[in-house]
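None of the figures in this text is laboratory data; all of them are computed from the coordinates on show. Bear in mind the structure is a predicted one, so any value in this text is a computation, not a measurement. So basically every Cβ, Gly included, is an ideal-geometry build from the backbone, and we count neighbours across all protein chains shown.
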Amino acid sequence: MRNNHATQLIFELSTAGRNGVVLPQCDVPVQSAETLIPNSLLQQVNPPLPEVTEPEVIRHFTNLSTLNMSVDTHYYPLGSCTMKYNPKRNERIAAWDGLAQLHPYQSEASIQGMLQLLCELQQMLGEISGLPAVSLQPAAGAHGELAALMVASAFFRQQGQHRTKVLAPDSAHGTNPASARMAGFDFVTIRSQEDGRVDVEHLKENLGDDTAVFMITNPSTLGLFDDQVQTIADLVHDAGGLIYLDGANMNAILGITRPGDFGADMMHFNPHKTFSGPHGGGGPGAGPICVTETLRPYLPNPTVEFCDESQMYFLDDSSEASIGRVRSFFGNVGVLVRAYCYIRTHGPDGLKRVSETAVLNANYLLSQVKQFLDVPHGDRCMHEFVASASPIKETTGLKQPAMDIAKRLLDYGFHPPTVYFPLTVPEGMMMEPTETESKQTLDAFAATLRKIVEEPAETLHHAPHTTNIRRPDEVMAARQPIVKWTETAD
Amino acid sequence: MPYTYNTPAQQKEMLEAIGATSIDELFDSIPDNMKLGRALQIPSALGELELTSHMQELARQNSDITHNTCFLGAGSYDHFVPAVVDALASRGEFYTSYTPYQPEVSQGNLQVMFEYQTLICQLTGMDVSNASLYDGGSAAVEAMLMAINITRRNSRVVVLESVHPEYRQIISTYFATIGTEVVTVADSSQLPNVLDENTAAVLIQSPNFFGNIEDVAAIADQVHESGALLVCSVDPISLGLLKRPGDSGVDIVVAEGQSLGTPLLYGGPYLGIMACREEFVRRLPGRIAGQTVDQDGNRCWVLTLQTREQHIRREKATSNICTNQGLFALRAAIYLSVMGPQGMRDVADLCLQKAHYAQQQLTHLDRFETVSDLPFFKEFVIRDKQNDVAGLLEKAEDFNILAGVALGRWYPELEDCLLIAVTEKRTVHEIDQLVEVLGS
């Protein structure tokens with residue numbers, strides 16, 4: 001069933017005089033607004049919002065929701081995003097009044113349960129990362145990167161060292177260089193070798209007494225564990241720099257190895273990936289950071305601590321060396337509550353099995369996909385791998401086969417993998433099945449992919465054939481941006 | 001393990017297909033000396049029932065606002081959330097989807113983003129909005145960075161002291177790192193002393209942290225004379241009543257969007273609103289949805305102007321931000337749709353009336369006095385002549401009233417002052433009780 005009802009905009013449903021809510025009568029003596037506020041500061045007309053009823057709002061947004069693919073409805077192997085099942089128990093718990101209806105400025109005594117939860121989460125993340133000092137404040141992975149780079153910057157300032165450069169491999173997420181710039185560093189790209197690992201020689205050439213931080217994603221965006229990481233860490237440390245681990249791919253190594261044990265000084269978690277916070281159509285996430293004891297004093301204020309004397313949890317903002325705040329209030333607590341539930345549900349063995357199963361699923365899918373697509377970085381992977389549709393270019397004449405395959409997958413009801421990332425693999429298709437998919441689903445996906453690769457080039461090039469809309473004109477959208485509705489926009 | 005499927009027999013089959021003898025073998029690329037070799041020292045697993053009990057135990061140790069009367073505000077407000085917001089936002093098709101990289105199967109989210117952007121423009125009077133940032137505080141700092149980018153003046157920004165102290169702390173954090181001077185002034189009358197040709201932007205808040213409404217248009221003129229940009233943080237609920245920032249000459253508007261349909265959540269996740277003048281659209285950070293047509297000429301929506309963003313521009317991006325608060329932009333879009341022009345007017349008016357009633361009743365008491373004659377919206381400051389704010393708050397808590405936010409922690413000179421917020425949810429009875437308890 002194609003749903004065509006949803007495509008009207010809420011503004012086009014508006015009818016003057018309709019109302020979606022009725023608010024209570026004012027129960028205090030009413031004074032005219034003009035006597036309370038100077039007329040020049042008042043709006044003379046109501047804001048020009050749409051006028052719709054509650055049933056219209058429900059039907060409109062419900063219909064819109066059906067135009068999305070989601071983890072609840074579809075297999076969603078979007079590489080690097082860890083689109084795993086989002087447990088319903090966590091949703092229910094996080095919505096309870098006792099956790100959701102708390103004001104950020106309530107007294108500490110009145111929120112001891114929440115502070116205990118957050119304090120325990122700090123400890124658990126410290127243990128899982130092997131980096132004991134934790135701040136839960138950053139609001140997203142990229143925000144965590146930025147906060148940690150600020151921590152590094154403050155640390156070096158305190159040491160009286162002027163270090164200006166952040167380095168990261170060419171396969172890094174775009175957030176790495178962008179965060180480095182925002183934290184005031186110059187950014188240097190380090191080459192990857194052909195096998196996807198960091199080119200250590202190139203790294204050596206760029207290390208010096210201006211090196212502040214080397215950012216590494218390990219396992220990498222190619223789904224490979226770089227076994228040189230200890231060597232790299234030693235080199236960077238010898239040069240006086242710090243190692244930052246982009247924790248986007250922690251789903252591969254929970255309970256198996258820890259960043260703190262392979263040389264990282266700082267890292268962030270993406271709880272919305274690794275610990276199954278729902279992605280919410282593009283957020284919210286959270287970006288807690290974990291650092292070494294040496295860097296602890298520089299973490300954002302406040303952290304949650306337990307006072308032995310009073311036997312109470314409290315917000316500690318006493319560290320003078322702290323970089324300060326990076327976000328208002330305590331951070332994305334709702335996401336952290338879900339992460340806490342997820343970690344408590346799994347325990348030590350369960351978390352390890354999450355990674356084992358994620359890696360098994362990815363390797364199994366790789367074993368199937370390599371039968372008909374090129375997988376340039378070997379027969380084994382961690383939680384994800386990157387296939388390349390490049391060879392198909394020659395046989396089919398398609399100019400962008402990865403894009404065409406991705407679009408054709410939509411016809412078969414699968415969300416496509418991440419395409420054209422990392423930038424180092426031509427026609428890359430990055431597949432991350434996660435642990436919450438069955439062998440049957442992986443088999444069905446692989447069989448479909450094989451079928452697609454064997455389909456006529458024309459069929460692929462014009463895909464998708466069955467979706468509500470097909471291949472929107474993105475160039476036009478960017479050249480003549482229409483970013484809001486106006487009465488004349490059509 | 002609760003969320004995985006494959007049986008031992010299937011796992012064996014999968015290993016055979018891979019050509020491995022064990023799952024351990026799949027981790028061979030990790031050198032043995034890096035492996036943990038022990039179990040993580042975290043508590044053991046809980047089933048759903050045990051987890052639920054454990055979490056109930058934690059939740060019980062919190063005294064939430066459904067058991068208290070909440071007069072706390074200071075950037076996070078107890079407004080009413082209509083049931084439709086939760087009903088729609090809890091649909092799995094919305095909350096278990098991700099960034100709309102494939103527009104054909106993300107039209108729901110993309111259209112919501114486009115509608116959200118339009119609603120924010122209608123509410124603020126600005127030309128363009130992004131699809132949201134993390135929260136009000138990070139939106140404020142992103143706006144200041146954007147202003148530096150636009151004006152190419154990077155040596156100084158100015159912030160009024162009446163901007164949320166935590167927003168100012170965030171700005172200090174960011175700007176200490178990049179070496180831009182942040183000048184804080186007490187109020188707008190001091191702007192002429194600090195505005196110069198190197199100043200990129202001025203950040204004000206209206207209604208400000210103390211609840212007072214600034215004369216935004218007058219400040220805008222002053223700021224523009226120096227060639228700087230005016231960034232204004234607003235309370236979206238106030239815009240049912242107050243002049244829109246877009247009609248007062250503001251260049252970039254930011255706001256904490258929590259008031260628009262999101263519960264308190266102990267501070268997050270919230271919604272960072274950011275909107276600006278048309279000419280700055282290519283400098284906006286964050287995601288933006290745009291209208292276009294598909295192959296068959298159907299109107300549809302895509303992520304647009306992506307060449308600003310980190311996944312394309314890397315170190316040259318306008319910001320490192322790579323997500324929006326999609327779920328909370330959705331909540332705001334639903335909230336604004338169901339409220340409509342009259343609903344927004346009514347909720348703003350109820351806040352205005354009740355806050356003024358509360359302020360007048362409290363300041364009738366000998367113990368309290370106002371600290372300012374400036375007009376206010378839904379929040380105000382009172383001074384306790386007996387200088388015992390902590391005692392007052394404690395006493396009120398005994399009556400299950402969260403009476404206000406003590407200001408001393410941020411403003412030592414206001415250590416005898418309390419910031420009180422009154423939303424449409426507070427009844428005359430609750431306000432009278434507050435007055436009685438604080439006055440007794």
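Ranking of B:183, A:483 by neighbouring Cβ atoms within 10 Å, starting from the fewest: B:183, A:483. For the pair residue A:193 and residue A:158, the difference between a 0.36 nm per residue extended length and the Cα-Cα distance amounts to 9.0 nm. In terms of Cα atoms, the Rg and Dmax of region A:307-392 work out to 21.9, 68 Å. Taking trypsin sites (Lys or Arg not before Pro) in DSSP loop conformation with at most 12 other Cβ atoms inside 10 Å as exposed sites, chain A has its longest uninterrupted site-free stretch at A:3-398. Straight-line reach only, C-alpha to C-alpha below 30 angstrom: list the lysines that residue B:243 could link to, leaving out same-chain residues fewer than 8 apart. The qualifying lysines are A:484, B:354, B:378, B:425. Per residue of A:128-136, other chain Cβ atoms within 10 Å of the residue Cβ number 1 on average. Shown here for region B:138-184: trypsin sites (Lys or Arg not before Pro) in loop regions (DSSP other than H, G, I, E, B) with at most 11 other Cβ atoms within 10 Å, namely B:152. Projected over all directions and averaged, the alpha-carbon convex hull of region A:1-68 occupies 7.0 nm². Relative contact order of chain A: 18 percent, from C-alpha pairs under 8 Å at least 6 residues apart in sequence. Mean sequence separation of contacting Cα pairs (under 8 Å, at least six apart), scaled by the length of region B:367-437, corresponds to a relative contact order of 32 percent. Candidate cross-link partners of residue A:165 among the lysines, defined by an alpha-carbon separation under 21 Å and a same-chain spacing of 8 or more, comprise A:204, B:316. To the nearest 10 degrees, how steep is helix B:107-124 against the longest Cα principal axis of chain B, on a 0 to 90 scale? Roughly 10 degrees, rounded to the nearest 10.
Phi-derived couplings, Karplus 6.51 cos²θ - 1.76 cosθ + 1.60 at θ = phi - 60°, listed residue by residue for region B:90-99: 8, 6, x, 4, 8, 7, 9, 9, 10, 2 Hz, with x used for Gly and Pro.
Neighbour counting of Cβ atoms within 10 Å sorts the residues A:462, A:383, fewest neighbours leading, into A:462, A:383. The residue A:12 and residue B:279 beta-carbon pair, evaluated with R₀ = 35 Å, returns a calculated FRET efficiency of approximately 0.80. Max-minus-min Cα coordinates of chain B on each principal axis give 83, 53, 49 Å, with the largest extent listed first.
Shape class for region B:37-127: oblate, because the ratio a/c of the largest to smallest gyration tensor axis (alpha-carbon atoms, square roots of eigenvalues) is 1.5 or more and b/c is at least a/b. Computed from label points 7 Å out along Cα-Cβ, the spacing between residue A:309 and residue A:459 is 7.5 nm. Here region A:351-424 and region A:205-220 have alpha carbon centers that stand 28 Å from each other.
Mind checking the log10 I(q)/I(0) for region A:143-229 at q = 0.19, 0.20, 0.27 Å⁻¹? Debye, one equal scatterer per Cα, no solvent, two decimals. Rounded to two decimals, the profile gives -0.84, -0.92, -1.35. In order along region B:141-156, the phi-based Karplus estimate (6.51 cos²θ - 1.76 cosθ + 1.60, θ = phi - 60°) of 3J(HN,Hα) comes to 6, 4, 5, 5, 5, 5, 5, 4, 4, 6, 7, 6, 10, 10, 9, 8 Hz; Gly and Pro are listed as x. The calculated Kirkwood hydrodynamic radius for region B:103-198 is 15.5 Å, given to one decimal from all distinct C-alpha pairs. What the phi angles of region B:397-409 give under the Karplus curve with 6.51, -1.76 and 1.60, with θ = phi - 60°, is a coupling list of 4, 4, 9, 6, 10, 8, 7, x, 10, 6, 8, x, 5 Hz, glycine and proline written as x.
For the peptide B:133-140, the mean number of other protein chain Cβ atoms found within 10 angstrom of a residue's Cβ is 6. Principal axis extents of the Cα atoms in the protein assembly as shown, from largest to smallest and rounded to whole angstrom, are 83, 64, 60. Note on residue A:84: lysines with a C-alpha under 20 Å away, same-chain residues under 8 apart excluded, are A:273, A:352, A:439.
For region A:349-475, what ratio Rg/Rh do Cα atoms give with a Kirkwood hydrodynamic radius?
On the way: Rg = 14.8 Å, Rh = 15.1 Å.
Radius of gyration over Kirkwood radius for region A:349-475 works out to 0.98.
Give the longest segment of chain A that steers clear of GluC sites (Glu not before Pro) in DSSP loops with at most 16 neighbouring Cβ atoms within 10 Å, not counting the sites themselves.
Details: sites that count: A:194, A:309, A:320, A:487.
Of all site-free stretches, the longest is A:1-193.
Shown for region B:84-335 is the translational diffusion coefficient from the Stokes-Einstein equation, using the Kirkwood radius over Cα pairs, a temperature of 20 °C and a viscosity of 1.002 mPa s: 116 µm²/s.
Peptide A:171-180 has a mean shielding of 6, counted as Cβ atoms of other protein chains within 10 Å of each residue's Cβ. The P(r) of region A:89-345 has a tail past 29 Å containing 28 percent of all C-alpha pairs.
Sequence-distant contacts, meaning Cα pairs under 8 Å at least 6 residues apart, place the relative contact order of chain B at 20 percent.
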